[in-house]
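Here it is: the structure, laid out below.
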Amino acid sequence: MFDDRYTLAYKRYPYKKSTDQDTAAPVRHPVVVMGGGPIGVATALDLGRQGIPTLVLDDHEGVGMGSRAICFAKRCLEVAGRYGCGKPMVDKGVVWNLGKVFHKDDQVFEFNLLPEEGHEYPAFINMQQPYYESYQLDRFEELQSQGAPIEIRGKNRVDTVEVHDDHVTLTIMTPDGPYTLEADWLIGCDGASSPLRTMLDLDFTGKVFQDSFLIADIKMKNDSFPTERWFWFEPTHGSGASTLLHKQPDDVWRVDFQIGWDVDRKEEMKEENIRRRLDAFLGDGVEYDLVWSSIYTFQCKRMDSFRHGRVFFAGDAAHQVSPFGARGANSGMQDVDNLGWKLGMVMRGEAPESLLDTYNDERIHGADENILNSTRSTDFITPKSETSRLLRDAVLSLSEKYEFARPMVNSGRLSVPCTYDGSPLNSADALNGPAQSRPGSVCPDAPLGDDFLLSKLGDKFILLTIDADAPDMIEEEGVQVTRLALSVKDDKTGALKKRYLGDAESAVYLIRPDQHVAARRPSFEENAIRASIRRAVGKE
């Protein structure tokens with residue numbers, strides 16, 4: 001039903017006894033990651049490419065089955081591309097930019113998430129999570145073969161954690177019994193139920209939404225549904241209060257039904273009842289195979305802090321949102337992208353340890369933004385009062401004819417990269433340039449001949465100059481910054497000027513290793529740029 005990558009991934013890293021299990025004293029590792037899911041493996045890819053020894057511990061032996069997360073956003077793909085696994089993901093995934101919203105049988109709204117040209121990666125791909133994880137593991141094994149100091153151990157369940165001032169001690173259970181090891185730094189990527197969070201007696205702040213949703217992934221040949229995101233409010237097919245439809249690879253479609261809070265979950269999960277809803281939605285005579293199903297509720301919560309001394313939390317272990325907007329795995333990848341370069345610089349002695357506190361500052365900002373958008377989407381989709389319902393229905397009714405109402409339709413504001421406005425690492429904006437490339441924002445991509453800007457930036461500190469003079473290299477207190485010199489004369493599409501210059505004649509950008517803008521100026525001023533470099537690594 002699926003290709004071999006999907007079906008053979010379950011035991012991708014089977015248990016193998018480690019020499020650490022036979023030592024008299026616990027072996028110390030520079031970085032240990034709890035959890036071998038997409039966020040944990042991404043963390044190892046990020047750190048391993050920097051040459052930082054990283055050990056991933058997972059209580060399973062490979063990729064979990066079931067589609068689970070399926071929507072991977074442009075920024076997530078750009079980060080994966082920098083790690084070396086973005087292209088095969090796009091090749092496998094179902095690419096989409098367009099979404100449509102219906103109220104009953106009437107289309108009321110249509111949106112294009114990436115209407116402009118000149119980006120290497122699409123707005124979104126749909127792809128079953130096991131594929132996503134498998135492409136990550138392909139790259140993991142490739143880096144290992146090239147000498148990267150990374151390792152993943154299956155059937156290594158962390159049972160206890162003790163946090164000390166300068167390290168963490170872990171007790172691990174395996175099929176051969178327990179053993180102990182130490183870590184300079186521990187990163188918890190162990191999912192929404194996070195055993196690590198429980199071990200440290202830490203909790204979430206937020207709320208649970210009282211509603212239930214039924215996921216049904218089905219395999220069928222159907223040309224009547226295009227490769228778009230379709231969402232129905234109050235669908236006339238009677239299979240739920242709302243319905244969401246997405247296409248995945250291998251002729252698999254996801255159908256998401258809103259079924260209410262007071263339901264008998266055991267009854268709803270019976271195959272005949274799932275098929276009853278699907279048949280009402282698809283119509284008579286449509287043949288399909290039921291691939292995977294699940295019922296979920298969701299919550300919008302986060303930890304009060306993502307750093308606790310030598311321990312960090314990332315992904316669902318740190319924050320949770322509703323699936324409307326695809327902000328789970330996508331925001332987790334942004335966590336990794338933010339933490340990786342900072343931890344690397346601290347471990348190499350290039351930045352003070354206080355830089356790690358800005359991971360908490362910036363990603364708390366990102367989590368709050370995701371929670372706000374997710375909560376608003378949920379409140380629109382599932383009104384909590386009659387007044388809210390009347391307002392929502394009025395917006396839907398007006399949207400069919402009047403453009404002003406369409407931006408108020410909220411079937412899930414889809415994931416976009418967070419802009420770190422107010423970050424302590426930002427310098428004051430000295431360029432009257434486009435808002436999309438202001439300090440704190442992720443660099444917008446732009447075509448450069450046969451290549452693209454983001455691939456040129458890479459994952460080091462870069463001084464991007466556009467029609468401005470500057471040294472080819474600057475070193476400030478051990479931080480090396482390399483110049484990338486561009487000119488609008490070579491910009492055949494006009495995208496570079498539009499996205500980075502606006503009305504300015506020239507510009508100089510200081511770009512962080514995670515491709516967020518740290519500073520921008522109309523021209524190179526050495527003292528100002530050096531101050532911005534110090535600020536961007538927490539030295540000023």
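Considering only the range 484-540, state which residues are part of a helix (DSSP H, G or I) and under 29 Å from the mean Cα position of the chain (by Cα). Let's see the steps before the verdict.
Taking the range 484-540 first, the residues part of a helix (DSSP H, G or I) are 488-490, 495-501, 526-536.
Once the filter is applied, which keeps residues that are part of a helix (DSSP H, G or I) and under 29 Å from the mean Cα position of the chain (by Cα), the range 484-540 yields Ala495, Leu496, Lys497, Lys498, Arg499, Tyr500, Leu501, Ser532, Ile533, Arg534, Arg535, Ala536.
For the range 301-347, which positions are in contact (Cβ under 8 Å) with a residue 60 or more places away in the chain and of a type in the set (Lys, Arg)?
Of everything in the range 301-347, those that are in contact (Cβ under 8 Å) with a residue 60 or more places away in the chain and of a type in the set (Lys, Arg) turn out to be Lys301, Arg302, Arg310, Arg327.
May I ask you to list the residues in the range 166-194 that are surrounded by fewer than 19 Cβ atoms within 10 Å (Cβ to Cβ) and under 24 Å from Ala367 (Cβ atoms)?
Ala192, Ser193
If you don't mind, another one. Looking at the range 201-227 only, could you name the residues that are touching an Asp or Glu at 6+ places or on another chain (Cβ under 9 Å), at pLDDT 85 or above and of a type in the set (D, E, K, R)?
Answer for the range 201-227, where residues must be touching an Asp or Glu at 6+ places or on another chain (Cβ under 9 Å), at pLDDT 85 or above and of a type in the set (D, E, K, R): Asp203, Lys219.
While we're looking at this one, here's another question. Write out, first by first residue and then by second, each pair whose Cβ atoms fall under 9 Å of each other, whose residues are 6+ apart or on separate chains, and whose first residue, in the range 268-288, is within 16 Å of Leu245 (Cα to Cα) while the second is hydroxyl-bearing (Ser, Thr, Tyr) and assigned to a helix (DSSP H, G or I).
none
Further question: Looking only at the range 201-242, count every residue that is more than 25 Å from Phe109 (Cα to Cα) and among the β-branched types (Val, Ile, Thr) and tell me the total.
Qualifying residue count for the region: 3.
Here is a further query. If a residue must be touching an Asp or Glu at 6+ places or on another chain (Cβ under 9 Å), at pLDDT 95 or above and surrounded by 23 or more Cβ atoms within 10 Å (Cβ to Cβ), how many such residues does the range 123-152 contain?
Residues meeting the conditions: 1.
Here's a follow-up. Which ones in the range 33-68 are under 27 Å from Gly458 (Cβ atoms), of a type in the set (A, V, I, L, M) and surrounded by fewer than 24 Cβ atoms within 10 Å (Cβ to Cβ)?
Those that are under 27 Å from Gly458 (Cβ atoms), of a type in the set (A, V, I, L, M) and surrounded by fewer than 24 Cβ atoms within 10 Å (Cβ to Cβ): Ile52, Leu55.
Further, regarding this structure: Inspect the range 140-162 for any residue being basic (Lys, Arg) and assigned to a strand (DSSP E or B) and give the result as yes or no. Don't jump to the end; show me each part of the working.
Filtering the range 140-162 for residues basic (Lys, Arg) gives 153, 155, 157.
Now restrict to residues that are assigned to a strand (DSSP E or B): 153, 157.
Yes, that holds for at least one residue.
Still on this structure: Can you list residue pairs whose Cβ atoms sit under 8 Å apart, with the first residue in the range 427-441 being at pLDDT 95 or above and the second being among the β-branched types (Val, Ile, Thr)? Count only pairs 6 or more apart in sequence or on different chains.
Within 8 Å, the pairs are Ser437/Val517; Arg438/Thr419; Arg438/Val517; Pro439/Val517; Gly440/Thr419; Gly440/Val517; Ser441/Thr419; Ser441/Val517.
Mind listing whichever residues of the range 352-366 are closer than 18 Å to Val311 by Cα and in contact (Cβ under 8 Å) with a residue 12 or more places away in the chain?
Pro352, Ser354, Leu355, Leu356, Asp357, Thr358, Tyr359, Asn360, Asp361, Glu362, Arg363, Ile364, listed by residue number.
In the range 96-106, is there at least one residue being at pLDDT 95 or above and among the basic types (Lys, Arg)? Break it down into steps so the answer makes sense when it comes.
Start the filter on the range 96-106 by keeping residues that are at pLDDT 95 or above, which leaves none.
No, there is no match, as no residue in the range 96-106 is at pLDDT 95 or above and among the basic types (Lys, Arg).
Moving on to the next point. Just wondering, is there one or more residues in the range 310-320 that are part of a strand (DSSP E or B) and under 21 Å from Thr382 (Cβ atoms)? It would help to see each step written out before you state the result.
Going through the range 310-320, the residues part of a strand (DSSP E or B) turn out to be 311-313, 319-320.
Keeping just the survivors that are under 21 Å from Thr382 (Cβ atoms) gives 319-320.
Yes, the conditions are met somewhere in the range 310-320.
The values are calculated or read from the model by the stated rules, or taken from the named source; none is laboratory data. Remember, it's a predicted structure, so these values are computed and weren't measured experimentally. Note that we place each Cβ from the backbone using ideal geometry, even for glycine, and neighbour counts take in every protein chain shown.
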